[in-house]
1. State the number of residues belonging to region 1-32 that are aliphatic (A, V, I, L, M) and over 29 Å from the mean Cα position of the chain (by Cα).
2. Quick check on this structure: which one of GLY66, GLY45, GLY95, GLY109 is modelled with pLDDT of 90 or more and of a type outside the set (A, V, I, L, M)?
3. Would region 30-41 turn up any residue that is surrounded by 10 or more Cβ atoms within 10 Å (Cβ to Cβ), touching a Ser or Thr at 6+ places or on another chain (Cβ under 7 Å), of a type outside the set (Asp, Glu) and outside any helix (DSSP H, G or I)?
Amino acid sequence: MTPIRWIQLTLSLLLLLLLSLFVVQNYGRTTDLSFDLYVWAAHLGRPAPVPLLLLTAFVAGGAVAGIWGLVGRWRLGQRVEELEQELARLSLRSGSGASSSSSSTPSSGAARTRDDDPWA
């Protein structure tokens, strides 16, 4: 293992130890959880342990962020497919126009070098 991996492992174990210590020390603490919107209210039937509520909130936040990220990634994938199709369509169009063109300037379908491309 590389030294970086050992540091990551050590920090992960230290974080796990601190989290376990927090859970053990605070599991006896409970709280009544209620949610009031003035038109609708919800209340847990019995008090819940604080670490359990924190874990539930963490998992729910991770799920929302994960779904949001997956949707964004799916949209980007669709956009890439659209752009690839447009690029293929444009290259086909310029490829068919190059054979009928008789001008002295190189066509857009001609082989290009790295020096020709200002964005490379």
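1. Filtering region 1-32 down to residues aliphatic (A, V, I, L, M) leaves 1, 4, 7, 9, 11, 13-19, 21, 23-24.
After this cut, where a residue has to be over 29 Å from the mean Cα position of the chain (by Cα) as well, the list is 21, 23-24.
Residues meeting the conditions: 3.
2. Details: GLY45 fails: modelled with pLDDT of 90 or more; GLY95 fails: modelled with pLDDT of 90 or more; GLY109 fails: modelled with pLDDT of 90 or more.
Only one candidate passes the filter, namely GLY66.
3. Within region 30-41, none of the residues are surrounded by 10 or more Cβ atoms within 10 Å (Cβ to Cβ), touching a Ser or Thr at 6+ places or on another chain (Cβ under 7 Å), of a type outside the set (Asp, Glu) and outside any helix (DSSP H, G or I).
The values are calculated or read from the model by the stated rules, or taken from the named source; none is laboratory data. As the structure is a prediction and not an experimental result, all values here were calculated from the model. Here Cβ is always computed from backbone atoms with ideal geometry, including for glycine, and neighbour counts include all displayed protein chains.
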